[in-house]
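All remarks here apply to the structure that follows.
No value in this document is a laboratory result; all are computed from the given coordinates. Everything quoted here is computed from the prediction, not taken from an experiment. Neighbour counts run over all protein chains shown; Cβ positions are idealised from the backbone, glycine included.
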């Protein structure tokens with residue numbers, strides 16, 4: 001099987017059936033554990049769930065990630081519906097992404113000539129991963145961005161139960177994940193410059209998403225923690241564990257935060273120890289393959305890659321972005337005022353919504369529209385003043 005060639009989805013489904021994986025559906029908790037063992041939950045897929053080889057080729061992490069994302073979505077359909085054909089599952093996943101990206105130009109338009117539903121879905125998943133990790137060094141994975149792909153899976157599970165309200169659920173879940181990661185980073189006693197930069201980034205994102213000052217953001221204010229499902233709770237705990245992992249040592253402040261989070265999620269200390277043990281084992285098994293976990297802070301890589309991504313996107317779309325900004329009167333006024341004063345929460349919300357509307361018109365900027373993409377929005381806003389006419393920047397305080 002070649003996940004980078006056409007018709008890999010039918011081939012993968014055939015392999016699942018051949019290996020007995022399709023007929024022996026595990027519980028959602030067992031499937032999540034198997035998915036975590038591949039590295040998908042951590043954002044670094046090193047394998048696929050079938051332990052039998054799925055390919056004679058040496059697959060890349062991006063290809064394993066694509067396969068695991070599809071498998072998680074397909075499993076969610078079978079688990080929720082109990083039955084259904086492969087084509088019904090494929091159509092359902094396509095409809096999910098179509099609805100999630102409703103109104104966007106360029107993303108699904110290119111799919112209309114695909115002769116089969118499986119090929120349409122293959123293109124959607126390829127675009128999804130490309131937009132998550134656009135223009136990044138292919139030898140290094142964006143840890144937190146790929147880890148946020150599981151939000152797609154959770155939102156799809158919700159969409160199967162409540163197709164009318166899953167978009168608001170996806171936004172709320174993304175907000176909770178980003179805010180929890182921000183609090184996890186902030187719990188570190190010794191913060192390097194990249195920790196501080198990423199805290200600033202998450203802080204800005206929390207402002208835009210939660211409409212509250214981040215200084216008042218605590219685990220107690222994240223009300224969504226109390227209403228989450230068991231898998232959502234485990235995912236939040238796992239992603240916060242990977243967020244504070246940088247030196248293979250858990251200091252007292254970090255451990256205290258994780259214990260408080262575990263309590264807020266109404267999980268047991270045993271489950272926290274399991275999360276820590278699973279991460280330690282995964283790193284130990286894959287330490288020779290995942291060199292950046294050995295030699296670099298994944299948080300540092302995430303910030304550097306995210307900044308580089310947004311810079312390149314702006315450079316490649318500078319003229320169109322300038323034109324769209326000039327045609328958006330209210331946005332231009334608010335952006336110009338932001339160079340000399342702090343915007344209110346309602347003004348920030350307007351900036352966010354109008355910028356996302358602009359991103360809909362520029363295909364290569366659609367990364368900001370997908371689950372997990374909003375965390376990059378403050379970086380976009382950071383660089384946009386450089387595109388404004390000089391008259392708007394005369395009072396900017398450097």
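Summary of computed values
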item: Label-point separation, residue 6 to residue 337 (7 Å along Cα→Cβ), nm; result: 5.3 nm
item: Highest average packing first - 62-70, 320-328, Cβ atoms within 10 Å; result: 62-70, 320-328
item: Stretch gain in nm, segment residue 88-residue 284, where the contour uses 0.36 nm per residue and the Cα spacing is subtracted; result: 66.6 nm
item: Net length gained if the chain between residue 252 and residue 29 were fully extended (0.36 nm per residue, minus Cα distance); result: 77.4 nm
item: Estimated FRET transfer efficiency when R0 is 35 angstrom, pair residue 229-residue 99 (beta carbons, to 0.05); result: 0.95
item: Using a Förster distance of 41 Å, the FRET efficiency for residue 382-residue 190 (Cβ separation, nearest 0.05); result: 0.95
item: In nm, spacing of pseudo-spin labels at residue 312 and residue 162 (7 Å Cα→C-beta vector); result: 3.8 nm
item: Chain lengthening between residue 319 and residue 274 when straightened (0.36 nm per residue, less Cα-Cα); result: 11.2 nm
item: Peptide ranges 147-157, 117-127, 165-175 listed from the most packed, as the mean C-beta count within 10 angstrom indicates; result: 147-157, 117-127, 165-175
item: Highest-first arrangement of 40-50, 252-262, where packing means the average Cβ count within 10 Å; result: 40-50, 252-262
